[in-house]
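The values are calculated or read from the model by the stated rules, or taken from the named source; none is laboratory data. These figures come from a predicted structure and were not determined experimentally. Backbone-built Cβ (ideal geometry, glycine too); neighbour counts: all protein chains shown.
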């Protein structure tokens, strides 16, 4: 039955002026004029304006490892009773050379990852992405390495990220490495890296981050290089969120009485004190020491139990959620956890990057 707009308004609690404007914008299916007056079918539902939804932010990931940085960028996980909300980032392509890390990534993050040498696979990257991310190998930059800088075979692979940025011209790129990149011994390497990215038309923020400041129960210093296109808004590092760092006991204390569980990766190295590195015992009232990737007995000893920490405890110290599973054997899991970017830290960086991305609604 046709009714006037004022009558329709009484049914839905809306003003006649509002409904007339909506009718003029063709927001009703049945509204039309009879003479000078608008009428509408009384059975028509009140139009609900669709909320504008922005398209996902597309991401290409290099040197993805088991997925720590990527998990942080997509969000949607819980860690130590805190929810890390899902972001608008959508990883459309990722690459990792290690087959075991690839399997872990695929099991937890998604099937968009390609296993293989980045120097060969870079020819297969998508034509465009809003963001490029990657933690390029640090062995030649770390103070525990040979300090060859980017002249080394491993850390020189940063050029793959440069090439990806050149090909994809993303709005933002994020490259991660160890804090040693800022040491005087690596001054020339850092200068070259910044020059290479700047030559592509990007303004680069180079900041050290202490993981314990961002909800990670670990003393871990890392450097993030965040590049934005010249003339676009500059990147502002995320605000420190943890005034009092999470201690080792707070992070893993509930696992003290848990028996070995291979499915849960609650297994540990039986190595004795090695006489070299990694023989420190965790301190219960302080964050864990830096989790490293080498497998010659470097995983730390528990603060109260007569054993090294388990892989699940190491994953906790790296801020991986308990739902993140490591299907490989102990040594491979050690490498994957030690090489990873802490997801909680990556999440805070991602949230700081998100507002910089220009994207249309869908």
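Across region 178-227, the qualifying residues are those that are more than 17 Å from the chain's Cα centre (by Cα) and part of a strand (DSSP E or B), and the one among them that is nearest to residue 292 (Cα to Cα) is 218. For region 181-213, filtered to residues that are out of contact with any helix residue (DSSP H, G or I) (no Cβ under 8 Å at 6 or more places or on another chain) and farther than 24 Å from residue 69 by Cα, the residue that is modelled with the lowest pLDDT is 184. Summed over region 84-124, the residues that are touching a residue at least 60 places away in the same chain (Cβ under 8 Å) and surrounded by 22 or more Cβ atoms within 10 Å (Cβ to Cβ) give a count of 4. Of all residues in region 58-74, those satisfying the criterion of being outside any loop (DSSP other than H, G, I, E, B) and surrounded by 23 or more Cβ atoms within 10 Å (Cβ to Cβ) are 59, 60, 61, 62, 68, 69, 70, 71, 72, 73, 74.
Check region 239-260 and report whether any residue there is under 30 Å from residue 192 (Cα atoms) and free of Cβ contacts under 8 Å to residues at least 40 places away in the same chain. Yes; the residues of region 239-260 include at least one that is under 30 Å from residue 192 (Cα atoms) and free of Cβ contacts under 8 Å to residues at least 40 places away in the same chain. It is to be established whether one or more residues within region 166-179 are modelled with pLDDT under 95 and out of contact with any strand residue (DSSP E or B) (no Cβ under 6 Å at 6 or more places or on another chain). For region 166-179, residues modelled with pLDDT under 95 and out of contact with any strand residue (DSSP E or B) (no Cβ under 6 Å at 6 or more places or on another chain): present. Answer yes or no as to whether residue 270 is more than 28 Å from residue 83 (Cα to Cα), assigned to a loop (DSSP other than H, G, I, E, B) and out of contact with any helix residue (DSSP H, G or I) (no Cβ under 6 Å at 6 or more places or on another chain). Considered against the rule, which asks whether it is more than 28 Å from residue 83 (Cα to Cα), assigned to a loop (DSSP other than H, G, I, E, B) and out of contact with any helix residue (DSSP H, G or I) (no Cβ under 6 Å at 6 or more places or on another chain), residue 270 comes out as yes. Quick one: would you say residue 77 is touching a helix residue (DSSP H, G or I) at 6+ places or on another chain (Cβ under 7 Å), within 30 Å of residue 254 (Cα to Cα) and surrounded by 14 or more Cβ atoms within 10 Å (Cβ to Cβ)? Criteria met by residue 77. Would you be able to say whether some residue in region 302-314 is farther than 19 Å from residue 256 by Cβ and either in a loop (DSSP other than H, G, I, E, B) or in contact (Cβ under 8 Å) with a residue 60 or more places away in the chain (or both)? Looking for residues that are farther than 19 Å from residue 256 by Cβ and either in a loop (DSSP other than H, G, I, E, B) or in contact (Cβ under 8 Å) with a residue 60 or more places away in the chain (or both), one finds none in region 302-314, hence no. Applying the set (1) modelled with pLDDT of 95 or more; (2) more than 17 Å from residue 246 (Cα to Cα); (3) surrounded by fewer than 21 Cβ atoms within 10 Å (Cβ to Cβ) to residue 335 leaves exactly one unmet item: (1). For region 317-332, a residue qualifies if it is buried (at least 24 other Cβ atoms within 10 Å of the Cβ) and part of a helix (DSSP H, G or I), and exactly one does: 317.
Let's see how each residue does on (1) at pLDDT 85 or above; (2) not in a strand (DSSP E or B):
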{"site": "3", "(1), (2)": "yes, no"}
{"site": "7", "(1), (2)": "yes, yes"}
{"site": "10", "(1), (2)": "yes, yes"}
{"site": "17", "(1), (2)": "no, yes"}
{"site": "20", "(1), (2)": "yes, yes"}
{"site": "29", "(1), (2)": "yes, yes"}
{"site": "33", "(1), (2)": "yes, no"}
{"site": "39", "(1), (2)": "yes, no"}
{"site": "45", "(1), (2)": "yes, yes"}
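Among the residues of region 228-238, the ones that are surrounded by 14 or more Cβ atoms within 10 Å (Cβ to Cβ) and either assigned to a strand (DSSP E or B) or free of Cβ contacts under 8 Å to residues at least 60 places away in the same chain (or both) come to 2 in all.
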